[in-house]
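Colleague: Take a look at the following structure, please.
The values are calculated or read from the model by the stated rules, or taken from the named source; none is laboratory data. Computed from a predicted model, the values in this text were never measured in an experiment. Positions of Cβ are generated from backbone atoms using ideal geometry, with glycine treated the same way; all protein chains shown enter the neighbour counts. What goes into the accessible areas is simple: the full protein's heavy atoms, side chains included, and nothing from ligands, DNA or RNA. Shrake-Rupley method; radii C 1.70, N 1.55, O 1.52, S 1.80 Å.
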There are 2 protein chains.
Amino acid sequence: MSPKITTELLKQLRQVMKSPKYVQEPVQAYIVPSGDAHQSEYIAPCDCRRAFISGFDGSAGTAIVTEQHAAMWTDGRYFLQAANQMDNNWTLMKMGLKDTPTQEDWLVSVLPEGSKVGVDPFIIPADQWKRMSKVLRSAGHDLVPIKENLIDTIWTDCPQRPCKPLITLDLNYTGVSWRDKIVALRSKMAERKVLWFVVTALDEVAWLFNLRGSDVEYNPVFFAYAVIGMNTIRLFIDGDRMADPAVREHLQLDSTLEPEFKIQVMPYGSILTELQAVGASLSPKEKVWLSDKASYALTEAVPKAYRYLTPYTPICIAKAVKNASETEGMRRAHVKDAVALCELFNWLEKEVPKGTVTEITAADKAEEFRSQQKDFVELSFATISSTGPNGAIIHYKPVPETNRVLSVNEIYLLDSGAQYKDGTTDVTRTMHFGTPSAYEKECFTYVLKGHIAVSAAIFPNGTKGHLLDSFARSALWDCGLDYLHGTGHGVGSFLNVHEGPCGISYKTFADEPLEAGMIVSDEPGYYEDGSFGIRIENVVLVIPAETKYNFKNRGSLTFEPLTLVPIQTKMIDVSLLTQKELNWVNDYHQKCREVIGAELERQGRLEALQWLIRETEPLIRVQ
Amino acid sequence: MSPKITTELLKQLRQVMKSPKYVQEPVQAYIVPSGDAHQSEYIAPCDCRRAFISGFDGSAGTAIVTEQHAAMWTDGRYFLQAANQMDNNWTLMKMGLKDTPTQEDWLVSVLPEGSKVGVDPFIIPADQWKRMSKVLRSAGHDLVPIKENLIDTIWTDCPQRPCKPLITLDLNYTGVSWRDKIVALRSKMAERKVLWFVVTALDEVAWLFNLRGSDVEYNPVFFAYAVIGMNTIRLFIDGDRMADPAVREHLQLDSTLEPEFKIQVMPYGSILTELQAVGASLSPKEKVWLSDKASYALTEAVPKAYRYLTPYTPICIAKAVKNASETEGMRRAHVKDAVALCELFNWLEKEVPKGTVTEITAADKAEEFRSQQKDFVELSFATISSTGPNGAIIHYKPVPETNRVLSVNEIYLLDSGAQYKDGTTDVTRTMHFGTPSAYEKECFTYVLKGHIAVSAAIFPNGTKGHLLDSFARSALWDCGLDYLHGTGHGVGSFLNVHEGPCGISYKTFADEPLEAGMIVSDEPGYYEDGSFGIRIENVVLVIPAETKYNFKNRGSLTFEPLTLVPIQTKMIDVSLLTQKELNWVNDYHQKCREVIGAELERQGRLEALQWLIRETEPLIRVQ
């Protein structure tokens, strides 16, 4: 893939950075964060401003353009991809490496005295604004909000903001009605003595109202905000979506409801002025609850004395703990997903030796098999279908320029998932369709040992996920190996494939303690630049664990894999497994055979069933 | 032990909290932190204000007294001790438990509107002031500095501040001269573009000048501050200690030195006015470097714009990485310490069955054997000598009221250490002098597995210690057990037995990455209230590890135990050990036998040598 040539674009951006038409005073630097106004990870094409200006389209990255420099911060998943997609105008700032400066420190080191640094106040989260602004100010510079997005001013063919129809979810899927969710939210608000709650994250709006959309690819969300008062509900949403009778019925827009459940529908763009009006109406001690990751613009709309900011909202925390209906839905979704993958891997085993399958056709075939399953909606993220050296690009997405043919000589890594109406999946399997080398098997087995160490871990109630991260790395560390990404993320229920507030990472972000009902991924890996990538990922449910003792009556937790797809035994060096690990693999495969085997049979997919039975033969230790 | 009766004292304190003689305006709450003006962990008797007002004399705790309440925050190590030592006037706030409020939140919940909360600005660290002050202010209260310490006003028989002679350490012990340390410090200052550095921690002053003292029990430090400029050195210290010819010679006070190495000696009490003068003399961009844990009083002495605050000072970080002379000294100290403990345990094995040994006499005997070793100075902390239920009081110190007789029916836990001129030791062994129960052995073995998991861990360069904490707990967690304290702390070199900036803890404090030359403890445990306590502690040195591969050329680290004292094999349930763990124990014991055996022989301690040989017999797995 050739990098995007950005010389002309950067020239234009530097012009508007000085143009009185857009900025009150010239800015010496302009920050282009990844997100949209909702701090979404996945964004609509109209919000892909950082990709537009730089060419780098990975899911995480921040661009900063000064008069002399253009720099891009991204993390270990994207070092190779960013280096490939950006031209020489750009400097890559590798986050997580010791010598990489923070954005603030870098700005301080390159800016002339008394500079102004501009940013779109809707795109930058309030917590990040605060941190950057403080450092910049202490170095004599100023962070300034630029109302008009400067990228939009030079992006002549910027796509329209999407406004697609909504899906309503009934109680069978959600387990709890939107009215009951509002009641629960108001009770949390009362506990914290706040009068208003501003819902800014798209998945939180969707979850709260039991609605889904398709405004953003892969994430079943729609552009909207909500402001919940103790007696009012305001939903800010555009288009004629509220004209849909199913939606009107679902939200009871035409019923005579108690006033506190009456939803006022308002234009999406009116959130700022409405929130400013709420802010202006407050008396002392009346508070407005916002996420500290809400945009600077919305946060500033509420006078500081009235703000109540938390890292995670009560919706985020409630959403993470899946109820029985959601858990059952997730189980069903994972069974269907496993059926599709058994079909795929059976097909690949036959087709790869012919030399006709590419990364792209394999990904397409995976989507085809998934789309045959009931309640399939769309993929849950861009399929990572990568073979050989492409596997080392951690968040690789095959495109024609990089597309490789799958062969019996290279490792194949497939990280894929789907949105079903009953749940979201995310699974990675690493396969070899020929004979893996001893070294490839060795590395795969270390990754597997890490995967098992997390999946089988027992830990006290109240443990935060980051305390489990080293378990995933220990076997790799013993041999001097490691991987430069976290081990797991929260997974939504027919919602975002990445969600807070829990996760498993060496980065000690403020994760909330794990509790029964939470769902996370377990995905250690190992990557060799230029050679291959290995990752083994299951989605796992936090469940209570039975233990011999029970210290301080705290209770213990462990994980139950929801993903039930065979782990290729050909890749395992059995001599490196402990007996406990070997038993784990055999028990896991037995469950795959029972549960997925029954569904394959029910669906009449007998060839895939035969494949499943072959792939789940118990491992035996060769003495 | 009976609790201290504090009714009268609290009454007096509440009176001075309202007395115009001491406070400009009445304060509705008064905070009594643990520390002294240097934020020391171990403090001189004159600084034990929290113990004076409450009776609770553990090493960590903060008291807050309001007109209605008296509350004490402390951590899991001290729950039992604090409950025993405090009367009913006090409420114990168990830190680390889910429902325990923070001090700020508690204050907000109990104070009447618009309250003033007082604190001694020399005792409260600036970072803590900032955090509390923010929360209090946002709830309509005020944190106010009270110049005169209110405890001191009611403490009629408060002891004098100690002012003992100094010890000078030559290059054989320190490896680096104080002049070279000043040069290195100034180069760090130049890197960060700061003109002044304020040394506030007592161990940092001692380390910088290669001096030791005995103003504080167990910690070989002396009351002093230093302010280092690019061309000046000011040492704030009281008494006639600078009259000692050895000290004058060591500091070259009477030599004709280059001016930038000329030490100006000033009175201890003049630090505030001197620092205010420095602060007043600064031009824009001139910065003063302070620890963010320095007192609020000293931090405020420097105008905010000129402050450069970091969680760890360059001295703290340099001090943590021991050079070759220090490492060799630490090795020598640990060999001597092990000799003393072999003598002790041999003696205990003979004496305990007679029923004449108590926790106190055992501790005294340990000190006696240690004091026979070369360069012994004092103990490095109050010996924890505890048997049976006392073992469950994590930082127990035997006193006549609680003193138990050691018996062949109870577990005995000894956590002890010493200051030698060449190094500091800290070791815990848990023994049984009769026949331990299967359950006691089971628990001991889980703790041992955790100890080994940390000690034998291999991890990448740059790893922070907190990422290793779960390794120590995994075997306990598997059975539903845990312990409510961290796993390890930094250890000084003939300095404080607890030092920053590294450690091993589930609390994700901002620890610095581990690097070769750092020295930490490895001390998992298990405690059953009312029954017994188990802890196995070695001091370990971070060393480079040889690994099969070397990902990204980062290199790997592991630990080498400096402590070489047998781990009682009678307490081990061998069937619970993996082969790797069994080999670790046998290799460790072989090293103990070789190294300590040779020294016991050299010192002619032949009976202890026989004991060592018996105790280091290799474990054999019974098939």
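Colleague: Go through the range A:34-50 and count every residue that is buried (at least 20 other Cβ atoms within 10 Å of the Cβ) and under 21 Å from A:Pro3 (Cα atoms).
Modeller: Summing the residues that are buried (at least 20 other Cβ atoms within 10 Å of the Cβ) and under 21 Å from A:Pro3 (Cα atoms) in the range A:34-50 gives 4.
Colleague: Can you pull out every residue in the range A:308-335 that is buried (at least 22 other Cβ atoms within 10 Å of the Cβ) and not in a helix (DSSP H, G or I)?
Modeller: The answer is A:Thr313, A:Lys322.
Colleague: Oh, and also: Can we say B:Leu150 is more than 26 Å from B:Ile124 (Cα to Cα) and open to solvent by less than 10 Å² (accessible area, probe 1.4 Å)?
Modeller: no
Colleague: Another question about this same structure. Restricting attention to the range B:511-534, and to residues there that are among the aliphatic types (A, V, I, L, M) and under 25 Å from B:Glu326 (Cα atoms), which single residue is surrounded by the most Cβ atoms within 10 Å (Cβ to Cβ)?
Modeller: B:Ile519
Colleague: Still on this structure, please answer the following. Among the candidates B:Ala608, B:Ala598, B:Ala545, which residue alone is under 30 Å from B:Ser325 (Cβ atoms) and either within 14 Å of chain A (Cβ to nearest Cβ) or at pLDDT below 95 (or both)?
Modeller: Sole residue among the options that is under 30 Å from B:Ser325 (Cβ atoms) and either within 14 Å of chain A (Cβ to nearest Cβ) or at pLDDT below 95 (or both): B:Ala545.
Colleague: Checking the condition out of contact with any helix residue (DSSP H, G or I) (no Cβ under 6 Å at 6 or more places or on another chain), surrounded by fewer than 16 Cβ atoms within 10 Å (Cβ to Cβ) and at pLDDT 95 or above, which residue from B:Glu537, B:Glu617 passes?
Modeller: After applying the criteria, what remains is B:Glu617.
Colleague: Looking only at the range B:498-510, count every residue that is within 16 Å of B:Glu326 (Cα to Cα) and hydrophobic (A, V, I, L, M, F, W, C) and tell me the total.
Modeller: Total meeting the criteria: 0.
Colleague: Please work out if B:Thr445 is out of contact with any helix residue (DSSP H, G or I) (no Cβ under 7 Å at 6 or more places or on another chain), at pLDDT 95 or above and not hydrophobic (A, V, I, L, M, F, W, C).
Modeller: no
Colleague: Checking B:Leu275 against (1) away from chain A (no Cβ under 14 Å); (2) closer than 24 Å to B:Val119 by Cα; (3) touching a strand residue (DSSP E or B) at 6+ places or on another chain (Cβ under 7 Å); (4) open to solvent by 10 Å² or more (accessible area, probe 1.4 Å): exactly one of these is not met. Which one?
Modeller: (4)
Colleague: Any residue that is open to solvent by 40 Å² or more (accessible area, probe 1.4 Å) and either over 25 Å from A:Leu564 (Cα atoms) or at pLDDT 95 or above (or both) - is there at least one of those in the range A:393-400?
Modeller: Within the range A:393-400, one or more residues are open to solvent by 40 Å² or more (accessible area, probe 1.4 Å) and either over 25 Å from A:Leu564 (Cα atoms) or at pLDDT 95 or above (or both).
Colleague: Right, another one. Which ones in the range A:493-510 are open to solvent by less than 30 Å² (accessible area, probe 1.4 Å) and among the polar types (S, T, N, Q)?
Modeller: Once the filter is applied, which keeps residues that are open to solvent by less than 30 Å² (accessible area, probe 1.4 Å) and among the polar types (S, T, N, Q), the range A:493-510 yields A:Ser493, A:Asn496, A:Ser505.
Colleague: Related question: Check B:Thr62 against each of (1) touching a Phe, Trp or Tyr at 6+ places or on another chain (Cβ under 6 Å); (2) surrounded by 22 or more Cβ atoms within 10 Å (Cβ to Cβ); (3) among the polar types (S, T, N, Q) and name the one condition it does not meet.
Modeller: (2)
Colleague: For the range A:424-456, how many residues meet the condition of being open to solvent by less than 10 Å² (accessible area, probe 1.4 Å) and either within 11 Å of another protein chain (Cβ to nearest Cβ) or at positive phi (or both)?
Modeller: 2
Colleague: Another question about this same structure. If B:Val108 meets every condition in (1) touching a strand residue (DSSP E or B) at 6+ places or on another chain (Cβ under 8 Å); (2) not in a loop (DSSP other than H, G, I, E, B) apart from one, which number is that one?
Modeller: (1) is the only condition that B:Val108 fails.
Colleague: If you scan the range B:1-18, which residues turn out to be over 15 Å from B:Phe56 (Cα atoms) and either in contact (Cβ under 8 Å) with a residue 24 or more places away in the chain or in contact with a Pro (Cβ under 8 Å, 6 or more places away or on another chain) (or both)?
Modeller: Across the range B:1-18, the qualifying residues are B:Gln12, B:Leu13, B:Arg14, B:Val16, B:Met17, B:Lys18.
Colleague: Right, next: If you check B:Gly118, B:Gly96, B:Gly58, which single one turns out to be assigned to a strand (DSSP E or B) and either of a type in the set (Ser, Thr, Tyr) or touching a residue at least 40 places away in the same chain (Cβ under 8 Å) (or both)?
Modeller: B:Gly118 is the lone residue from the list that is assigned to a strand (DSSP E or B) and either of a type in the set (Ser, Thr, Tyr) or touching a residue at least 40 places away in the same chain (Cβ under 8 Å) (or both).
To keep it simple, each residue is scored yes or no on (1) of a type in the set (S, T, N, Q); (2) within 14 Å of chain A (Cβ to nearest Cβ); (3) closer than 30 Å to B:Arg593 by Cβ.
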{"site": "B:Ile271", "(1), (2), (3)": "no, no, no"}
{"site": "B:Leu290", "(1), (2), (3)": "no, no, no"}
{"site": "B:Ala294", "(1), (2), (3)": "no, no, no"}
{"site": "B:Ser325", "(1), (2), (3)": "yes, no, yes"}
{"site": "B:Leu341", "(1), (2), (3)": "no, no, yes"}
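Colleague: Moving to a separate point now. From A:Val110, A:Val135, A:Val176, grab the single residue that is out of contact with any Gly (no Cβ under 9 Å at 6 or more places or on another chain), surrounded by fewer than 19 Cβ atoms within 10 Å (Cβ to Cβ) and modelled with pLDDT under 95.
Modeller: Sole residue among the options that is out of contact with any Gly (no Cβ under 9 Å at 6 or more places or on another chain), surrounded by fewer than 19 Cβ atoms within 10 Å (Cβ to Cβ) and modelled with pLDDT under 95: A:Val135.
Colleague: Being touching a helix residue (DSSP H, G or I) at 6+ places or on another chain (Cβ under 7 Å), open to solvent by less than 30 Å² (accessible area, probe 1.4 Å) and in a loop (DSSP other than H, G, I, E, B) is the filter here; which residues of the range A:1-32 pass it?
Modeller: Passing the criteria: A:Thr6, A:Met17.
Colleague: Filtering the range B:463-516 down to residues that are aromatic (Phe, Trp, Tyr) and closer than 26 Å to B:Asp529 by Cα, which residue is farthest from the other protein chains (Cβ to nearest Cβ)?
Modeller: B:Tyr483
Colleague: Moving on. Looking at B:Gln39, B:Gln15, B:Gln68, can you tell me which residue is of a type in the set (S, T, N, Q) and at positive phi?
Modeller: Sole residue among the options that is of a type in the set (S, T, N, Q) and at positive phi: B:Gln39.
Colleague: Identify the single condition in (1) within 21 Å of A:Val321 (Cβ to Cβ); (2) open to solvent by 10 Å² or more (accessible area, probe 1.4 Å); (3) in contact with a helix residue (DSSP H, G or I) (Cβ under 7 Å, 6 or more places away or on another chain) that A:Pro165 does not satisfy, given that it satisfies every other one.
Modeller: Among (1) within 21 Å of A:Val321 (Cβ to Cβ); (2) open to solvent by 10 Å² or more (accessible area, probe 1.4 Å); (3) in contact with a helix residue (DSSP H, G or I) (Cβ under 7 Å, 6 or more places away or on another chain), the lone unmet condition for A:Pro165 is (1).
Colleague: Working only within the range B:192-210, note down all residues that are surrounded by fewer than 24 Cβ atoms within 10 Å (Cβ to Cβ) and touching a Pro at 6+ places or on another chain (Cβ under 9 Å).
Modeller: B:Arg192, the sole residue that qualifies.
Colleague: Let me ask you something else. Give the residue that is nearest to A:Arg307 (Cα to Cα), with candidates limited to residues of the range A:127-146 that are in a strand (DSSP E or B) and in contact with a helix residue (DSSP H, G or I) (Cβ under 7 Å, 6 or more places away or on another chain).
Modeller: A:Pro145
Colleague: Filter the range A:67-106 for residues that are under 17 Å from A:His395 (Cα atoms) and touching a Leu at 6+ places or on another chain (Cβ under 6 Å); which is modelled with the lowest pLDDT?
Modeller: Ranking the qualifying residues of the range A:67-106, first place goes to A:Gly76.
Colleague: To continue, here is another question. Scan the range B:284-295 for residues that are part of a loop (DSSP other than H, G, I, E, B) and out of contact with any Pro (no Cβ under 9 Å at 6 or more places or on another chain) and report the count.
Modeller: 4
Colleague: Tally the residues that are in contact with a Pro (Cβ under 7 Å, 6 or more places away or on another chain) and surrounded by fewer than 24 Cβ atoms within 10 Å (Cβ to Cβ), restricting the search to the range A:366-389.
Modeller: So the count comes out to 1.
Colleague: Here's a check for you: in the range B:464-481, which residue that is assigned to a loop (DSSP other than H, G, I, E, B) and touching a residue at least 12 places away in the same chain (Cβ under 8 Å) is surrounded by the fewest Cβ atoms within 10 Å (Cβ to Cβ)?
Modeller: B:Cys479
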